[in-house]
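The values are calculated or read from the model by the stated rules, or taken from the named source; none is laboratory data. It should be emphasised that the depicted structure is a prediction, and the values quoted were computed from it without experimental measurement. Protein only, heavy atoms only, side chains kept; ligands, DNA and RNA dropped before computing areas. Shrake-Rupley method; radii C 1.70, N 1.55, O 1.52, S 1.80 Å.
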Amino acid sequence: YVLQIFNEYVEKDLVLSFPGVGYVYVDDDKCTLCEACVRSCPTKALKILEYKDEMRLILSINRCIGCRECEYICPENAVKVYWYYKKGSEEEVLTRSKIARCVICGAPLGPEKMIRRIENRLRSLGDHEAIKYVRICDKCKTKLFYEKIFQ
């Protein structure tokens with residue numbers, strides 16, 4: 001019954017009557033802005049916004065109920081949830097990253113933090129060939145692939 005009521009609140013986009021129950025802390029050095037936490041949040045307290053040339057992870061403080069779904073789902077172990085009342089603004093920027101762009105056409109690829117993490121992991125695996133293609137968008141990769149085939 002409680003979940004049914006809760007889902008009705010979320011569907012109506014209403015703020016719950018007990019704001020500030022949970023507070024999300026994000027380790028800026030670990031977070032890649034992969035959006036796993038955003039997709040797992042049952043109250044939509046977390047969101048990614050693009051502002052100018054950067055991506056920002058935003059917490060709507062009034063919406064967080066401290067369920068810890070974001071903490072459990074984070075692949076980088078960058079999220080911690082505390083039961084904490086935080087006064088102040090309704091929204092807070094938890095972390096941010098510049099937007100990485102394709103080195104060929106300039107199309108947005110995703111957060112720079114994520115691209116760097118992928119490059120570091122490939123380096124640690126010794127896959128230097130794959131690193132060449134990390135900063136190239138899918139459209140340009142496809143074009144390069146067909147150019148190699150039909151030369």
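Here are the numbers:
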| read-out | value |
| --- | --- |
| D_trans [Stokes-Einstein, Kirkwood Rh over alpha-carbon pairs] for the stretch 48-151, 10 °C, 1.306 mPa s, µm² s⁻¹ | 96 µm²/s |
| Greater than 32 Å apart at Cα, pairs in Lys47/Lys139; Lys44/Lys141; Lys52/Lys148; Lys98/Lys143 | Lys44/Lys141; Lys52/Lys148 |
| Centroid-to-centroid separation of the stretch 62-78 and the stretch 116-151 [C-alpha atoms, Å] | 32 Å |
| Probe 1.4 Å, protein heavy atoms only - accessible area per residue of the stretch 48-135 in square angstrom | 62 Å² |
| Global geometry of the stretch 93-151, whether rounded, prolate or oblate, following the gyration tensor of its Cα atoms and the 1.5 cut on a/c | oblate |
| Under-5 Å amide H pairs with Ala100, H placed in peptide plane, nonlocal only | Leu109, Gly110, Glu112 |
| Vicinal HN-Hα couplings computed from phi for the stretch 138-149 (Karplus, 6.51 cos²θ - 1.76 cosθ + 1.60; Hz; Gly/Pro x) | 4, 4, 5, 4, 4, 4, 4, 4, 5, 5, 5, 5 |
